[in-house]
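Where a number appears in this text, it was derived from the coordinates with a stated rule and is not lab data. Note that this is a predicted model, so its numbers are computed, not measured. So basically every Cβ, Gly included, is an ideal-geometry build from the backbone, and we count neighbours across all protein chains shown.
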2 protein chains.
Amino acid sequence: MNKTFKALAHPVRRQILGLLRSGPMISGDIAGHFDMAWPSLTNHLNVLKDAGLVHSERFGTQIRYRLNAGAAEEAIAAIMALLGKEEKDG
Amino acid sequence: MNKTFKALAHPVRRQILGLLRSGPMISGDIAGHFDMAWPSLTNHLNVLKDAGLVHSERFGTQIRYRLNAGAAEEAIAAIMALLGKEEKDG
DNA sequence: ACTTTAATTAGTTTTTTTGCTAATTAAAGA
DNA sequence: TCTTTAATTAGCAAAAAAACTAATTAAAGT
């Protein structure tokens, strides 16, 4: 879970997740949304992937990234467990 | 919201929030839970406070920290907005 | 085989974060 | 007022994260 929270800590990475909410995107298109060198962006994508928040798949010369719903659920559960009210028993 | 996510990125800070879930604690008692110099811990508390995740109040010579429920709710809402499924209209 | 397009990895520098020790502040007690 | 207790702020060193350029990989077209 540590990797997940670390991944969410950077604004660019959160913006990437925001973009991917509306569907998968290829690396170059994602990079086009940011004022940043492409390799820097690739690094952010790797951080997200390593945290399991996104998935990647190659299609010919291009690589498509998509949001991983499962990890998203887990992240939400974790943050709720951490910040939510303490349950008085069951 | 950036400060909130930054604050959640460090394991010690998440553990502090975990401790505070069951009620307010004074600085020294929090520090006692960690294998770390007290000033380092104070710094983590400051990061949490700056993010609005905790509140502090002085009682005589000691300072009591408590979880800020409001900021917690906001953080949960933010992460759900970011990672949740895209709603098809209303 | 060579070129082009898409993207990544490698290596380095800069910036940010973390954690330490020493010094300081604040309140309370003797 | 001097001391003790509780905690912070200041200043610095070490570690981690972020961003850049250059080099490399991978697939596909000519």
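Counting other C-beta atoms within 10 Å, and keeping those with at most 14, which DSSP coil GluC sites (Glu not before Pro) do you find in chain B?
Sites meeting the loop and neighbour criteria: B:86, B:87.
Student exercise: in the protein assembly as shown, how many lysine pairs 8 or more apart or on different chains have Cα atoms under 20 Å apart?
Step by step, the pairs that qualify in the protein assembly as shown add up to 12.
Between residue A:35 and residue A:59, what is 0.36 nm times their sequence separation minus the Cα-Cα distance? Round to one decimal in nm. If you can, show how the numbers build up before the last one.
Numbers: separation 24, 0.36 × 24 = 8.64 nm, distance 2.52 nm.
Gain on stretching residue A:35 to residue A:59: 6.1 nm.
Which one, A:48, A:24, B:80, is farthest towards the positive end of the dipole of the protein assembly as shown when Lys and Arg carry +1 and Asp and Glu -1 on their Cβ?
Selected residue: A:48.
Under the rule of at least 5 residues apart or a separate chain, name every residue whose amide H is placed under 5 Å from the amide H of residue B:63.
Long-range HN contacts for residue B:63: B:27, B:28.
Just to check I understand the Karplus step: with θ = phi - 60° and J = 6.51 cos²θ - 1.76 cosθ + 1.60, what whole-Hz values come out for the range A:36-51, glycine and proline as x?
Values, residue by residue: 7, 5, 4, x, 5, 5, 3, 4, 4, 4, 5, 5, 5, 5, 4, 7 Hz.
Given Cβ point charges of +1 (Lys, Arg) and -1 (Asp, Glu) and nothing else, what value in debye, to the nearest 20, does the dipole of the range A:2-82 about its Cα centre take?
The dipole magnitude comes to about 40 debye.
What ratio of Cα Rg to 2.2 N^0.38 Å holds for chain A? Intermediate results must be reported in sequence, preceding the final value.
Working: Rg = 14.9 Å, N = 90, 2.2 N^0.38 = 12.2 Å.
Here the answer is 1.23, to two decimals.
Add -39500 (n - 2.57) for each DSSP H run of 4 or more in chain A, then divide by its residues: what number comes out at 222 nm, to the nearest 500 deg cm²/dmol?
My calculation for chain A gives -17000 deg cm²/dmol from helical runs alone.
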